[in-house]
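The values are calculated or read from the model by the stated rules, or taken from the named source; none is laboratory data. This is a predicted model, so every value here is computed, not measured. Because the Cβ atoms are built from the backbone with ideal geometry, glycine has one as well, and the counts that use them run over all protein chains shown.
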Amino acid sequence: MGRDAGQVMGTQSVLEARRPEGSSKAVPVSKAAPVSAAPPAAPGLLRLIRALAEDDRVGAIGLAEHAVERHVTAFPKADQAVALDILLRDLACLQGFAPHLTGFISRVEGHIDRLHRSLTGGLV
């Protein structure tokens, strides 16, 4: 899942613009203050995982795992472990905002751990 994933889901692309709190005017991202030291994994991916967790349908975990795999394979091999680490960090934040999704998020984190181990040859 790349940058277009957010557009497919009907959300605004990270590279377009965002609104400062309390403002009705959009500010281009290049002029906006940075939110954190490292960029989020992919806002569209996190929204998808949260929507799947909230919906609680049969097969949702499989869809979330597939989305994670697609997201990671979009990166060069050398950057995939870092992409997984960033995704784990962002899922931990999501779990803090939505503690009722802990079970679902924990299963996605387990899948990310397995992917990370397969990338490093089980050396983690």
Original post:
Is there a residue being at pLDDT 90 or above, touching an Asp or Glu at 6+ places or on another chain (Cβ under 8 Å), among the β-branched types (Val, Ile, Thr) and under 21 Å from Pro43 (Cβ atoms) anywhere in region 96-108?
Top reply: yes
**OP:** Kindly check whether there is at least one residue in region 109-121 that is within 15 Å of Arg47 (Cα to Cα) and part of a helix (DSSP H, G or I).
**Re:** no
Original post:
Quick one: would you say Asp85 is on the phi > 0 side of the Ramachandran plot and either over 13 Å from the mean Cα position of the chain (by Cα) or surrounded by fewer than 15 Cβ atoms within 10 Å (Cβ to Cβ) (or both)?
Top reply: no
